[in-house]
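Take a look at the structure below.
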Amino acid sequence: SHIMSEHVRMTDTERDQIDQDAQIFMRTCADAIHQLRTEAHKGVQSAQVKEHRTAVLDFVEDYLKRVCKLYSEQRAIRVKRVIDKKRL
């Protein structure tokens, strides 16, 4: 709480901008993973290399999904707080 008292709180406009930027970034990451997945096996002869690339891309995609889920949960909490404030 001491740290929070030293800083000005974010405005709803700033939060909305961060939400918008985060959604764009997550979509960009998902598109990049998809593009990498389509290009990962081009020209590769080794089954081991193909398997490794697939595993790495699966891991990265899973990580992005977990980040997106966490973001969605945090955003839902924020929306709920806004709705609760309006009810009061």
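Candidates are the residues of the stretch 10-49 that are surrounded by 10 or more Cβ atoms within 10 Å (Cβ to Cβ) and in a loop (DSSP other than H, G, I, E, B); the one that is modelled with the highest pLDDT is ALA40. Has the stretch 54-76 got any residue that is in a helix (DSSP H, G or I) and touching an Asp or Glu at 6+ places or on another chain (Cβ under 8 Å)? Yes, the conditions are met somewhere in the stretch 54-76.
Annotation: of all residues in the stretch 50-77 being of a type in the set (D, E, K, R) and exposed (fewer than 12 other Cβ atoms within 10 Å of the Cβ), the one that is farthest from THR13 (Cα to Cα) is GLU51.
The values are calculated or read from the model by the stated rules, or taken from the named source; none is laboratory data. Predicted, not measured: the structure shown is a model, and the values here were computed from it. With ideal geometry, Cβ positions are generated from the backbone for all residues, glycine too; neighbour counts draw on all protein chains shown.
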